[in-house]
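Asks: This is the structure, below, for whatever I ask next.
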Amino acid sequence: MMQNFMCKLCMPVWRIGLLFVLALSSQSCGNPDHDNPKPGLVPAPKMMITAMAGLVSLEIQNAPLGAVLTELGQHTEIHFTIPEEIKSEPRTLSLQQRPIEEALQQLFTGKSYSVQYRVEGDKEVIVGVDVSAPQSQMASRTLSGTHLINSGPANQSASPSTYSNETKPLAVRTDLDLLNLEQSLKESPDPATRIAALNGIAGRETDVSVNPIVVQGLSDRAPEVREAALDLLRYSSDPVPIQSLASVVIQDANPAFRVGAMSLLIDQLGKGEEPNQEDRDAVRAILQQGLADPDPRVREQAAMLLENN
């Protein structure tokens, strides 16, 4: 009898132990949420930033813009001024050894901002980026993540009352190596990055015209890049190589682009030195081709330009 009584006492303990083991097994093996996060959950913010010799690497995921700029400023010694209301905006971006200007374009896509630099010997170093300055206080050609030509003529200078002799808008002259920008224009898979490179190239002050490089954008695979290049060339005070321009303008699939390109060709005849007969013949040949264009707008434009020139 005593033995039966002890067994009855042991039974609940054994059952409790078994239930405990089964519960652990269910949590580790049978619970579908154990290894897989629930749908709709936002990944935790991640941020890794490095900078060296004017190039930056960014690996950020859902990181607040304010925190990203604070970290970027510590690595580059750039002072960022941004409104409080956008500091919490999340950013996800992956860049490896890219120019700082390209990183700024990606971080501030769709936003206008001004960039300032300090002259150090024969170089200009970025010292500040201001996203909160009123439009009237920005350089006439402020950098943004979208098409920039609407901000004003490419080579127009900022007001001297806004910037001192030591600090001038980087939008007028960038410290980035021209070769890096040209490489981005040729190799970047992102059209927005290629447009940013075009704007960086067009904004440089150099001893020779950069338009021969900008012309490369006219044959870009993305129509928005081709249009950006056309606008930059239209507003440039420097002449465009007519032979290079003539070789691509009539081949574009967009009739509006062909119309604008023919007008640009005529404009080039009045820029710089007196055009030679070879250039005049090249322009006239393009306009003659335009008379047979399948689009009536192109034909009308070609006829008008031939009549008036």
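Asks: Can you say whether G270 is surrounded by 18 or more Cβ atoms within 10 Å (Cβ to Cβ) and out of contact with any Gly (no Cβ under 9 Å at 6 or more places or on another chain), as far as the supplied structure shows?
Replies: When the stated conditions are applied, G270 does not pass them.
Asks: Give the number of residues within the range 281-309 that are in a loop (DSSP other than H, G, I, E, B) and either touching a helix residue (DSSP H, G or I) at 6+ places or on another chain (Cβ under 8 Å) or buried (at least 16 other Cβ atoms within 10 Å of the Cβ) (or both).
Replies: Matching residues across the range 281-309 total 5.
Asks: Determine whether L287 is at pLDDT 85 or above and more than 28 Å from N180 (Cα to Cα).
Replies: yes
Asks: Filter the range 199-213 down to residues that are hydrophobic (A, V, I, L, M, F, W, C) and either in a loop (DSSP other than H, G, I, E, B) or at pLDDT 90 or above (or both) and give me whichever is surrounded by the most Cβ atoms within 10 Å (Cβ to Cβ).
Replies: V210
Asks: Filter the range 77-104 for residues that are among the hydroxyl-bearing types (S, T, Y) and over 19 Å from the mean Cα position of the chain (by Cα) and give the result.
Replies: T81, S88, listed by residue number.
Asks: If you check A256 against the conditions, is it in contact (Cβ under 8 Å) with a residue 24 or more places away in the chain, surrounded by fewer than 16 Cβ atoms within 10 Å (Cβ to Cβ) and either over 24 Å from the mean Cα position of the chain (by Cα) or in the same structural domain as R98 (by TED's automatic domain parsing) (or both)?
Replies: Yes; evaluated as a whole, the condition is true for this residue.
Asks: Looking at the range 65-112 only, could you name the residues that are at pLDDT 85 or above and in a loop (DSSP other than H, G, I, E, B)?
Replies: Those that are at pLDDT 85 or above and in a loop (DSSP other than H, G, I, E, B): E77, I78, I82, P83, K87, S88, E89, F108.
Asks: Oh, and also: Which condition number in (1) crowded, with 18+ Cβ neighbours inside 10 Å; (2) in a helix (DSSP H, G or I); (3) more than 19 Å from the chain's Cα centre (by Cα) is the one that S244 fails?
Replies: The single condition S244 does not satisfy is (1).
Asks: Oh, and also: Please verify whether the range 245-261 includes one or more residues that are at negative phi, at pLDDT 80 or above, of a type outside the set (D, E) and touching a Leu at 6+ places or on another chain (Cβ under 6 Å).
Replies: Yes, there is a match, as at least one residue in the range 245-261 is at negative phi, at pLDDT 80 or above, of a type outside the set (D, E) and touching a Leu at 6+ places or on another chain (Cβ under 6 Å).
The values are calculated or read from the model by the stated rules, or taken from the named source; none is laboratory data. Just so you know, these numbers come straight off a predicted model, no measurement behind them. Cβ atoms come from the backbone with ideal geometry, glycine included; neighbour counts cover every protein chain shown.
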